[in-house]
Amino acid sequence: MVKHDVKDLKLAALGKQRIDWCEHSMPVVKIIRARFLKEKPLKGLTVAACLHVTSETAALCRTLKAGGATIALCASNPLSTQDDVAASLVKHDGISVFAVKAEDGKRYYKHINACLDFHPAITMDDGADLVNVLHTERARQIPEVLAGTEETTTGVIRLRAMAADGVLGYPVIAINDADTKHLFDNRYGTGQSTIDGIIRSTNRLLAGSNFVVAGYGWCGRGVAMRAHGLGANVIVTEIDPVKAIEAVMDGFRVMTMAEAAKIGDFFCTLTGNLKVITAKHCETMKDGAIVCNSGHFNVEIDLPGLAAIARSHGEVRPFVEEFVLKSGKRVFVLAEGRLINLAAAEGHPSAVMDMSFANQSLTVEHLYAKRPQLEKKVYTVPKEIDHAIAGLKLAGLGVKIDKLTKEQDIYLHSYDMGT
Ligand SMILES: NC(=O)c1ccc[n+]([C@@H]2O[C@H](COP(=O)([O-])OP(=O)(O)OC[C@H]3O[C@@H](n4cnc5c(N)ncnc54)[C@H](O)[C@@H]3O)[C@@H](O)[C@H]2O)c1
């Protein structure tokens, strides 16, 4: 048995069912896997992956393994692991997994270190915690690393800050920046799964409610769109004037969080920023307001601040913590302020992760097989990869599109034809 630390290997059969089910909606990853199996482009490569341990991540790991890679997987969030999937990867696929749902901070970092013990040549991160441990505690290993990939907006921001300070030890490709990633995963994936997490944990009706979305980026747009679709009155808060105008013209009310706090029934933060909802905001909320986060880290809601002004707090149903304020008002916080879609639901639907993880697979192949000369910076996914994935996805959906004629192509590259 490969090295591992998972909850219970007896869950493996259930995990396998779940992985097999999700792969039905991942045609692009499966096409890449079939090629990898034949060509073995990753033979001899060791990958340390710090990702949400979900069925879709399992599909990615199976694909990398089919290409010949050795993979060590740990969680990129203490609450996002699907324990049955982790068990199945170990038992049925021979992949080392170190992840247990609801692990504490100490075990979370122990698991990151267990992955780094494999001495990876590629790091695959979601939020940059693995890269951070490598650079701060295990810097001697940096020369062994060829390159890395980063899955999410917050991780890309951290890595760009490291590169700007001259401390990034190797090149990283920002998977998040691929069009076939953020336009679909962040928008439609987060949109659907965040609402799913809120509904599964609360079973409350969204229709007719005031639903406050903090941050109108790719994720916020998705959540606003889906909450509106369920009949909620969506209110958006922003700090970027352009995004704010966009939200207004998309038909939503835009106001400050101080204003929104007084009228919201549901609040969801998706900013990648900290203290977007403060204790002061919570004090002005309606009795019974529901507050959650779907941004990467659990810093968007000031939970220590809220606990400090609360008379008492405690779990009232799974993933729902009641904070009773001194006034007697109650505020309900979901999933400890961690990503609600992964904590209380199952994360993004497989059909969008198909494209995100196709980007991961082809980018790792590109980095390992082609070994491009890259500096210690953050790069975007090569356009050829992005376009190839879009083409494969369309083919999988059975959708055909037009081709440029020769004449149109010339016209689009010329300037001499006007009215
Ligand atoms: N839940 C998930 O599964 C999932 C999936 C993808 C990304 N993410 C995470 O979600 C977060 C948002 O990602 P994104 O791709 O939408 O980023 P983005 O950069 O497209 O959008 C973030 C938006 O938040 C706004 N913002 C920043 N500070 C704010 C504040 N104080 N108040 C209101 N708005 C503020 C920004 O102006 C921006 O428009 C990141 O942390 C990202 O890593 C989560």
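Summary of computed values
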item: Complete set of residues in region 51-96 that are within 15 Å of the chain's Cα centre (by Cα) and under 19 Å from residue 355 (Cα atoms); result: 51, 52, 53, 54, 55, 56, 57, 58, 60
item: In region 275-298, the residues that are near the ligand (Cβ under 10 Å from one of its atoms) and not aromatic (Phe, Trp, Tyr); result: 275, 276, 277, 293, 294, 295, 296
item: Meets criteria (more than 30 Å from residue 303 (Cβ to Cβ) and not in a helix (DSSP H, G or I)) for residue 361; result: no
item: Qualifying residue in region 320-340 (condition: part of a loop (DSSP other than H, G, I, E, B) and within 14 Å of the ligand (Cβ to nearest atom)); result: yes
item: Near pairs, Cβ below 7 angstrom, 6+ apart or cross-chain, from region 207-229 (closer than 13 Å to residue 252 by Cα and open to solvent by less than 50 Å² (accessible area, probe 1.4 Å)) to any residue that is at pLDDT below 95 and part of a strand (DSSP E or B); result: none
item: Selection from region 374-389 of residues that are within 24 Å of the chain's Cα centre (by Cα) and part of a loop (DSSP other than H, G, I, E, B); result: 376, 377, 381, 382
item: Residue in region 254-266 that is farther than 20 Å from residue 191 by Cβ and among the β-branched types (Val, Ile, Thr) present; result: yes
item: Filter pass, residue 416 being acidic (Asp, Glu), open to solvent by less than 100 Å² (accessible area, probe 1.4 Å) and more than 24 Å from residue 24 (Cβ to Cβ); result: no
item: Matching residues in region 146-191 - criterion: being more than 8 Å from the ligand (Cβ to nearest atom), open to solvent by 50 Å² or more (accessible area, probe 1.4 Å) and of a type in the set (Ser, Thr, Tyr); result: 188
item: Total residues in region 114-132, condition more than 14 Å from the ligand (Cβ to nearest atom) and surrounded by 17 or more Cβ atoms within 10 Å (Cβ to Cβ); result: 11
item: Residue, most open to solvent (accessible area, probe 1.4 Å), within region 196-206, restricted to residues that are in a loop (DSSP other than H, G, I, E, B) and either at pLDDT below 95 or aliphatic (A, V, I, L, M) (or both); result: 205
item: Residue match in region 390-403 (condition: under 20 Å from residue 67 (Cα atoms) and in a helix (DSSP H, G or I)); result: yes
item: Hits in region 192-219 - residues which are in contact with a strand residue (DSSP E or B) (Cβ under 8 Å, 6 or more places away or on another chain), under 20 Å from residue 350 (Cα atoms) and within 11 Å of the ligand (Cβ to nearest atom); result: 194, 197
item: Looking only at region 234-274, and only at residues there that are among the hydroxyl-bearing types (Ser, Thr, Tyr) and in contact with a strand residue (DSSP E or B) (Cβ under 6 Å, 6 or more places away or on another chain), the one that is farthest from the ligand (Cβ to nearest atom); result: 269
item: First in region 231-260 and among the acidic types (Asp, Glu), second anywhere and within 13 Å of the ligand (Cβ to nearest atom), Cβ under 6 Å, 6 or more apart; result: 238/216; 238/244
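Every residue, every condition in (1) within 24 Å of residue 188 (Cβ to Cβ); (2) open to solvent by 10 Å² or more (accessible area, probe 1.4 Å), yes or no:
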| site | (1), (2) |
| --- | --- |
| 275 | no, yes |
| 291 | yes, no |
| 296 | yes, yes |
| 302 | no, yes |
| 322 | no, yes |
| 337 | yes, no |
| 354 | yes, no |
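Yes or no, residue by residue, for (1) of a type in the set (Lys, Arg); (2) touching a Lys or Arg at 6+ places or on another chain (Cβ under 9 Å):
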{"site": "200", "(1), (2)": "yes, no"}
{"site": "212", "(1), (2)": "no, no"}
{"site": "229", "(1), (2)": "no, no"}
{"site": "236", "(1), (2)": "no, yes"}
{"site": "239", "(1), (2)": "no, no"}
{"site": "255", "(1), (2)": "no, no"}
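The values are calculated or read from the model by the stated rules, or taken from the named source; none is laboratory data. Just so we're clear, the structure is a prediction, and the values are computed from it rather than from any experiment. Neighbour counts are summed over all protein chains in view; Cβ atoms, including those assigned to glycine, are modelled from backbone coordinates with ideal geometry. Only protein heavy atoms, including side chains, enter the accessible area calculation; ligands, DNA and RNA are left aside. Shrake-Rupley method; radii C 1.70, N 1.55, O 1.52, S 1.80 Å.
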